[in-house]
């Protein structure tokens, strides 16, 4: 199967439009997964390291809770911002993928997010995984800098 | 009020993280040259100095983040680092470029005023 060739368009006149928006789809994904994580990080930053450690880590038996709480807060504030801007994209997307994998694991075996299950963190983690594989892509600061992980 | 203050402090922190990126990673790139109005030759010659300066901006961002994470207990930390921002902005404004007054000192002063009033 040829993964590179796009199928024939039923409405060929749409081709210029598709060509125009194609480079914008990746920043849209980056902005979505990056910015949507900040409302999760901001309250943790506001409640502080100790309270975040208690709320998110100690009750699940994850140690060392306080250093990991600092990591969580940084990933969900600075990390989200960086993924959105496409800055050091691979590093932060990979780190958030690991975070989401741990969160998903701790919600097993329930699936539905209202459970709460692993549905939402798994979806988030998989998209972050894709971002980590692809890197900053179009409209990223990584491209302005000229090198990436 | 507290939320507005915290958001203002976070924005000043993000701004300084932005300065870090500009000075450490974009200094000799087109964006950096345009932002600071430098020539490629000057930028290449001053790359190491700029990278060091950018790193220190990162410490300001980290300090403001630290103050935010401590909540009410972090007020003095926020005041210290915002004070640094205002002084750095005024010093830069008089010695390097007038623009720094608007880009650094003003946002820092607004956030500092909010912290002091809160």
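So, in segment B:13-51, exactly how many residues are outside any helix (DSSP H, G or I) and within 12 Å of chain A (Cβ to nearest Cβ)?
The number of residues fulfilling the criteria is 4.
How about segment A:55-91: which of its residues are part of a loop (DSSP other than H, G, I, E, B) and under 14 Å from the mean Cα position of the chain (by Cα)?
A:86, A:87, A:88
Just one of the numbered conditions (1) buried (at least 20 other Cβ atoms within 10 Å of the Cβ); (2) within 11 Å of chain A (Cβ to nearest Cβ) is not true of residue B:81; which one?
Condition (2) is where residue B:81 drops out.
So, in segment A:4-48, how many residues would count as being touching a helix residue (DSSP H, G or I) at 6+ places or on another chain (Cβ under 8 Å), more than 30 Å from residue B:67 (Cβ to Cβ) and part of a helix (DSSP H, G or I)?
So the count comes out to 2.
Based on this model, can you work out whether residue A:101 counts as surrounded by fewer than 15 Cβ atoms within 10 Å (Cβ to Cβ) and farther than 26 Å from residue B:7 by Cα?
No, not satisfied.
So residue B:27 fits all but one of (1) free of Cβ contacts under 8 Å to residues at least 40 places away in the same chain; (2) under 18 Å from the mean Cα position of the chain (by Cα); (3) closer than 18 Å to residue A:82 by Cβ; what number is the exception?
(3)
Residues checked against (1) under 30 Å from residue B:32 (Cα atoms); (2) out of contact with any helix residue (DSSP H, G or I) (no Cβ under 8 Å at 6 or more places or on another chain); (3) within 14 Å of chain B (Cβ to nearest Cβ):
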residue	(1), (2), (3)
A:96	yes, no, no
A:104	no, no, no
A:107	no, no, no
A:114	no, yes, no
A:121	no, no, no
A:128	yes, no, no
A:134	yes, no, no
A:147	yes, yes, yes
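Which of the following residues is surrounded by fewer than 18 Cβ atoms within 10 Å (Cβ to Cβ) and either closer than 30 Å to residue A:52 by Cβ or at pLDDT below 95 (or both): B:68, B:15, B:106, B:11?
So the residue among B:68, B:15, B:106, B:11 that is surrounded by fewer than 18 Cβ atoms within 10 Å (Cβ to Cβ) and either closer than 30 Å to residue A:52 by Cβ or at pLDDT below 95 (or both) is B:11.
Residues to consider are A:45, A:14, A:10; find the one that is within 23 Å of the chain's Cα centre (by Cα) and free of Cβ contacts under 8 Å to residues at least 60 places away in the same chain.
A:45
Listed residues A:95, A:132, A:101; which is touching a residue at least 40 places away in the same chain (Cβ under 8 Å) and under 12 Å from the mean Cα position of the chain (by Cα)?
Being touching a residue at least 40 places away in the same chain (Cβ under 8 Å) and under 12 Å from the mean Cα position of the chain (by Cα) holds for just one of A:95, A:132, A:101, which is A:132.
Only one of A:72, A:45, A:85 is within 13 Å of another protein chain (Cβ to nearest Cβ), closer than 16 Å to residue B:6 by Cβ and buried (at least 20 other Cβ atoms within 10 Å of the Cβ). Can you tell me which?
One residue alone meets the criteria, A:45.
How many residues does segment B:65-96 contain that are touching a helix residue (DSSP H, G or I) at 6+ places or on another chain (Cβ under 8 Å) and outside any helix (DSSP H, G or I)?
1
Residue A:35 - would you say it is at pLDDT below 95 and surrounded by 10 or more Cβ atoms within 10 Å (Cβ to Cβ)?
No, not satisfied.
The values are calculated or read from the model by the stated rules, or taken from the named source; none is laboratory data. If you're wondering where the values come from, they're calculated on a predicted model, not measured in any experiment. Quick reminder, even Gly has a Cβ in these numbers, built from the backbone with ideal geometry, and neighbours come from all protein chains shown.
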